[in-house]
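**Student:** I'd like to ask some things about the structure below.
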Amino acid sequence: MNDYNTIKIRLDEAKGILSDLYKIDGELSTLPGELDFNFRVKTPNSEGYILKVSRPDENLEHLDFQTQLLEFVQQNNTVHSPAVYKDCQGNSISTIEDSNGNKRFVRLLSWISGRMYIDVNPQTNNLREQLGNYCGRLSTALKDYSHSYESFDFAWDVAQSLWTKDFNNLFEGDEFEIATYFQTIFENQQESYHNLRKQVVHNDANYDNVVVSEDILNPKISSVIDFGDTIKTQVINDLAIACAYAITNFEDPLDAALPIVKGYHSSYPILDKELEHLYCAIAMRLLISVVKSAINKQKEPGNTYLQRSEKGAWDLLKKWRFISPDFALYSFRNTCGFSAHPKEKEFQNWAATTSINTSELFPTINKNEIHLLDLSVSSKWIGHQEEFNDLNLFQFKIDRLQKQHPKKLIAGGYLEPRPIYTSSEYDTIGNYGKESRTIHLGIDFWIPPSTPVHAILDAEVVIATNDKGDKEYGGLIVLKHIENNLEFYSLYGHLTVTSATKYTVGEKIKKGEKIADIGNYPENGNWAPHLHFQLMLSLLDYKIDFPGVGYHSQIDVWKSLCPDPNLIFKSEVLSDLKTPTNQDLITYRKEHLGKSLSLQYKVPIKMVRGAGQYLADQFGKKYLDTVNNVAHVGHEHPKVVKAGQEQMALINTNSRYLHENINALAKELLETLPPELSVLHFVNSGSEANELAIRMVKANTGEKDIIASEVGYHGNANMCIDISSYKFDGKGGSGALEHTQIFPLPDAFRGKYRGNQTGEKYAAEVQQCIDTIHNKKRGVGALIIEPIISCGGQIELPEGFLAKSYEYVRKAGGLCISDEVQTGCGRMGKTFWGFQLHNVIPDIVTIGKPLGNGHPIAAVACTQEVAEKFANGMEYFNTFGGNPVSCAIGAEVLKTVKRENLQQNALEVGEYLKSELKELTKTFPIIGDVRGQGLFLGIELVDEELNPLAEQTDYLANRMKDHGILMSTDGPDHNVLKIKPPIVFTKENAKELIHYLKKIFAEDFMQI
């Protein structure tokens, strides 16, 4: 056994070697390596060098092979690789004798500046595609290189990896099973594997050998270094090795591998027969790594470098084991531009010459015309989530639809993204957050229970089972067909258990023969009666079932593997439906909608459905919503939706007619307010509410001057814009008008006055505004402010500020308006209204759209005195303010807050989330401040000098969107992340949010 500590080269020895052989004096540091002892050499007048000193027993011919290869690549000049420097005697490889009399070989290569791939975060799809492309270009550059030593016994060569079988005794349990599983596959593939293309390849593009540029936002692959493992072997091995290392630590390693494969193929086309071996070649490289680590623990326990990748390799092997080899192959083929399934075109050709009527499938029904039923995530037919989860209602609607189309079969669903799969059983954590199975892979025929199903082709039974335990299909049958020597399968789901389980595997069924009967719920998988019919070109690894629904991210693979059944039924109605792309929608907006209407995120999202704290796009991808505070009690809350639907079906008219709904809403609202605020006016929006409040001020005081906060926002009506510093001091604004007095943003973190005792100082700024008004010989109209300033960046008002400011304003004869458009209705947690946090009672409170959960309703609450002075003879009338539909919705929102204890939820979840966010500040000092109350929080990002970091804030919001979490920025410097979710937000949602914030905060751009 070699003693690693006795053969390694010390820094001082390396420095002497460098000086003696190359006459270079530089600053040296050690670098990791398995065989050579490597040293980074820094010099003043160059990028530097890497000095490589061999072990005593290294093969000179092998080193010559590597050295000549590097010189060959340099001449090729298509990739950036290390250059070889000769010593003072003109030798590319120098020979020395160490202090123990051992012969060593020395080489000096150019240093390539940059970061190691392992240190780059995030390792994006784009970066991995670049990696594949570079490795492909390097293989192209090496294509014609040959050397007498190009083939040799080498443990790290995937082609020779079956040596690992001799060490299976080092493993037990799952690790032993995994090792033998991949070894068996590889052994069984040897005949075809050995006939693959071979050439000299780099063979070691691991994360320590790939150099990446220093550009943080757009990193580029600069080079692949360390040619110590170069060998002539199967070309596919080189790609496998690049994948094996670069997909470590990803939740979905197959998805992570695809950009690498795509990039490699773009610069060095991979043959389809080579792709058949990629899945196992990746595994065998990983297996070599873990076996070598196990051996090296015994052989060189002091060399920790040799074990550093062991855990990551085992973690990846365990994930890789549960990926279907066939599905991996189809994914590789698809990303390379081949048909995902190699028989897809052959099936399409057969289907083009075949036509089967639906009456052959259901001869007792004998219908060949189809009526399309849309159950997609965008479908209005399925209605609210509660409706499609009500099977009795769902069946009633099916029956009614059938009566409307008595001569047609109700059918549809192929590749339909559906929201109806609400179980989380098949949810997975991908590389970009949670993902649910949404894409329906077959056609559903909605027919009565007990309807006989007949064979449309000769077949053999391959699966006949009671799949009720899976709660997806009920009774399930899969048949194998062979047509024109083409093998494929058909699946029949949601059958009666008795008819599905009467068969034995291998039993033959003739065309036209009855197969089974349609099941009824709950026997059929707890669904309304129908047949799920699906075609498959492969069963993958499934033995007793097969997925009827897939993940959208894999849709191209699934639609090749499970071709459209309508290829054989040939119904025009079931042909692909064309819907506008997101780009179509964007183009139309740009042409016909106002240029000032912006879209959220750099890559906008089309949202089509909401439920609770989630929004869903047209593909069924769910996004955790942390910003849409308007959906106060949750998107499309069933009771709120129902209240609006029921009233809308009766009448919707103005408030000049008597109706109990306006009184009912008033009663619910007044119960939440102090008795002093006892008069209500209903309007349609927060802007209208604030506009009306200003009218009340003028009617009460006769004055026009309004005092407001810097960066305050109070709505988009003219009068509201005039008092909104956020607007008139921003882009396109022209500053404050004569009768608008602005005091500094009362920000104790980064404002004019900082620290805990700033309340009176900021109140003094309000008094200064009062003095300014008085100096102009005018009186004070009002002070308007949010209890937590939203657009200012979720600014909590300093302690004592609001009470003292109210005192000053009232002493000057003005009124006090609390803008509760965003802070009200229980969101604060500790209190129902934001002003209650400060132990004050305003004269006027404005309430916005959260009152309607997104429906346009708002209100103004005021004192009797204010109301009486406003009623000066000029009638206030608002056609839809206080209409029966809006009032029904508003009352139900308030009842929901109370009934579901959502104010307490906002308190508990908000305090937990705030405490966890503050914990993050210990790890990520970029988080300068965490503030807010309940579920109204802000995170401000700053550097060490408290300078705002708007770019990082925008980057974080967009990266969180990539992981399925909606966030948005705020504040005058756009450096505050706001968190204002529907107040049904849970502790689990908070944990998920924190998890991904940690992930993104750790990325390179956030650390600049």
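**Student:** Check residue 654 against each of (1) within 23 Å of the chain's Cα centre (by Cα); (2) of a type outside the set (Val, Ile, Thr); (3) assigned to a loop (DSSP other than H, G, I, E, B) and name the one condition it does not meet.
**Tutor:** (1)
**Student:** Looking only at the stretch 104-134, filter to residues that are outside any loop (DSSP other than H, G, I, E, B) and hydroxyl-bearing (Ser, Thr, Tyr); which one of those is surrounded by the fewest Cβ atoms within 10 Å (Cβ to Cβ)?
**Tutor:** At the first step, the residues of the stretch 104-134 found to be outside any loop (DSSP other than H, G, I, E, B) are 104-110, 115-119, 125-134.
Filter again for hydroxyl-bearing (Ser, Thr, Tyr), leaving 110, 117, 134.
On the way: 110: 20, 117: 24, 134: 25.
Across the stretch 104-134, the extreme among qualifying residues is 110.
**Student:** Tell me which of these residue 914 doesn't satisfy, since it passes every other one: (1) on the phi < 0 side of the Ramachandran plot; (2) assigned by TED's automatic domain parsing to the domain that holds residue 674; (3) not small (Gly, Ala, Ser).
**Tutor:** (2)
**Student:** Let me ask something else about it. Mind checking whether some residue in the stretch 463-471 is modelled with pLDDT under 95, closer than 24 Å to residue 541 by Cα and part of a loop (DSSP other than H, G, I, E, B)?
**Tutor:** Checking the stretch 463-471: at least one residue is modelled with pLDDT under 95, closer than 24 Å to residue 541 by Cα and part of a loop (DSSP other than H, G, I, E, B).
**Student:** Determine if the stretch 32-42 includes at least one residue that is touching a helix residue (DSSP H, G or I) at 6+ places or on another chain (Cβ under 7 Å), in a strand (DSSP E or B) and of a type in the set (Val, Ile, Thr).
**Tutor:** yes
**Student:** Now a separate question. Kindly list, by first and then second residue, each pair from a residue in the stretch 713-736 that is more than 17 Å from residue 789 (Cα to Cα) to a residue that is part of a loop (DSSP other than H, G, I, E, B) and among the acidic types (Asp, Glu), limited to pairs with Cβ atoms under 7 Å and residues at least 6 apart or on different chains.
**Tutor:** Listed pairs, sorted by first residue: 735/729.
**Student:** Among the numbered conditions (1) surrounded by fewer than 20 Cβ atoms within 10 Å (Cβ to Cβ); (2) at pLDDT 95 or above; (3) under 17 Å from residue 795 (Cα atoms), tell me where residue 762 comes up short.
**Tutor:** Result: residue 762 passes all but (1).
One line per residue, one yes/no per condition, for (1) surrounded by fewer than 21 Cβ atoms within 10 Å (Cβ to Cβ); (2) more than 21 Å from the chain's Cα centre (by Cα); (3) hydrophobic (A, V, I, L, M, F, W, C):
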site	(1), (2), (3)
931	no, yes, no
948	yes, yes, no
962	yes, no, no
974	yes, yes, no
991	yes, no, no
1000	no, no, yes
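**Student:** If we scan the stretch 397-408, do we find a residue that is assigned to a strand (DSSP E or B) and either within 25 Å of the chain's Cα centre (by Cα) or outside the structural domain of residue 363 (by TED's automatic domain parsing) (or both)?
**Tutor:** Narrowing the stretch 397-408 to residues assigned to a strand (DSSP E or B): 408.
Applying the additional criterion that residues be either within 25 Å of the chain's Cα centre (by Cα) or outside the structural domain of residue 363 (by TED's automatic domain parsing) (or both) yields none.
Checked against the condition, which is being assigned to a strand (DSSP E or B) and either within 25 Å of the chain's Cα centre (by Cα) or outside the structural domain of residue 363 (by TED's automatic domain parsing) (or both), the stretch 397-408 yields no hits at all.
**Student:** Confirm whether residue 676 is surrounded by fewer than 18 Cβ atoms within 10 Å (Cβ to Cβ), modelled with pLDDT of 95 or more and in the same structural domain as residue 833 (by TED's automatic domain parsing).
**Tutor:** Spelling it out, residue 676 is indeed surrounded by fewer than 18 Cβ atoms within 10 Å (Cβ to Cβ), modelled with pLDDT of 95 or more and in the same structural domain as residue 833 (by TED's automatic domain parsing).
**Student:** Next up: Which one of these is polar (S, T, N, Q) and touching a residue at least 40 places away in the same chain (Cβ under 8 Å): 947, 975?
**Tutor:** Criteria check complete, one pass: 975.
**Student:** Related question: Please report, ordered by residue number, the strands (runs of 3 or more DSSP E) entirely within the stretch 153-262 with at least 3 residues that are within 27 Å of residue 66 (Cβ to Cβ) and more than 28 Å from the chain's Cα centre (by Cα).
**Tutor:** Working: elements: 198-201, 210-212, 221-224, 231-234.
Strands (runs of 3 or more DSSP E) meeting the threshold: 198-201, 221-224, 231-234.
**Student:** Turning to a different aspect of this structure: Return the pair list, or none, for Cβ contacts closer than 9 Å from residues in the stretch 892-903 that are closer than 17 Å to residue 828 by Cβ and in the same structural domain as residue 646 (by TED's automatic domain parsing) to residues that are at pLDDT below 95 and acidic (Asp, Glu), at least 6 apart or on different chains.
**Tutor:** none
**Student:** Can you tell me which of 779, 814, 826, 834 is in contact with a Ser or Thr (Cβ under 6 Å, 6 or more places away or on another chain) and at pLDDT 95 or above?
**Tutor:** Going through 779, 814, 826, 834 in turn, the sole match is 834.
**Student:** Mind checking which residues of the stretch 421-456 are surrounded by fewer than 19 Cβ atoms within 10 Å (Cβ to Cβ) and hydrophobic (A, V, I, L, M, F, W, C)?
**Tutor:** 429
**Student:** Now, a different point. Out of 28, 21, which single residue is outside the structural domain of residue 297 (by TED's automatic domain parsing), part of a helix (DSSP H, G or I) and of a type in the set (A, V, I, L, M, F, W, C)? Walk me through it before giving the result.
**Tutor:** Details: 28 fails: part of a helix (DSSP H, G or I).
Just one listed residue meets the conditions, 21.
**Student:** I'd like to check something: does the stretch 73-83 contain any residue that is within 27 Å of residue 101 (Cβ to Cβ) and either assigned to a loop (DSSP other than H, G, I, E, B) or not assigned by TED's automatic domain parsing to the domain that holds residue 145 (or both)?
**Tutor:** Within the stretch 73-83, the first condition is being within 27 Å of residue 101 (Cβ to Cβ), and the residues that meet it are none.
There is no residue in the stretch 73-83 that is within 27 Å of residue 101 (Cβ to Cβ) and either assigned to a loop (DSSP other than H, G, I, E, B) or not assigned by TED's automatic domain parsing to the domain that holds residue 145 (or both).
**Student:** Still on this structure, please answer the following. Just to check your reading of the model, which residue among 767, 757 is more than 28 Å from residue 912 (Cβ to Cβ), more than 33 Å from the chain's Cα centre (by Cα) and either modelled with pLDDT under 95 or not assigned by TED's automatic domain parsing to the domain that holds residue 730 (or both)?
**Tutor:** Only one candidate passes the filter, namely 757.
**Student:** Which condition from (1) assigned to a loop (DSSP other than H, G, I, E, B); (2) modelled with pLDDT of 95 or more is the one that residue 57 breaks?
**Tutor:** Only one criterion is unmet by residue 57, namely (2).
**Student:** Evaluate the following for residue 694: is it at negative phi and buried (at least 22 other Cβ atoms within 10 Å of the Cβ)?
**Tutor:** Values: at negative phi: yes; buried (at least 22 other Cβ atoms within 10 Å of the Cβ): yes.
Judged against the criteria, residue 694 is a match.
**Student:** Within the stretch 306-315, is there a residue that is touching a residue at least 40 places away in the same chain (Cβ under 8 Å), within 30 Å of residue 512 (Cα to Cα), buried (at least 17 other Cβ atoms within 10 Å of the Cβ) and not charged (D, E, K, R)?
**Tutor:** No.
**Student:** Might you let me know whether the stretch 927-935 holds any residue that is modelled with pLDDT of 95 or more, in contact with a Phe, Trp or Tyr (Cβ under 7 Å, 6 or more places away or on another chain) and not in a strand (DSSP E or B)?
**Tutor:** Yes, the stretch 927-935 contains a residue that is modelled with pLDDT of 95 or more, in contact with a Phe, Trp or Tyr (Cβ under 7 Å, 6 or more places away or on another chain) and not in a strand (DSSP E or B).
**Student:** May I pose another question? In the stretch 260-272, which residues are out of contact with any Ser or Thr (no Cβ under 7 Å at 6 or more places or on another chain) and of a type in the set (D, E, K, R)?
**Tutor:** Within the stretch 260-272, just 272 meets the criteria.
**Student:** Here's another thing I want to ask about it. Tell me, yes or no, whether the stretch 609-620 has at least one residue that is modelled with pLDDT of 90 or more, touching a Lys or Arg at 6+ places or on another chain (Cβ under 9 Å) and surrounded by fewer than 15 Cβ atoms within 10 Å (Cβ to Cβ).
**Tutor:** No, the stretch 609-620 contains no residue that is modelled with pLDDT of 90 or more, touching a Lys or Arg at 6+ places or on another chain (Cβ under 9 Å) and surrounded by fewer than 15 Cβ atoms within 10 Å (Cβ to Cβ).
The values are calculated or read from the model by the stated rules, or taken from the named source; none is laboratory data. Remember, predicted model here, so these are calculated numbers, not experimental data. Don't worry about glycine lacking a Cβ; one is built from the backbone with ideal geometry, like all the others, and counts go over all protein chains shown.
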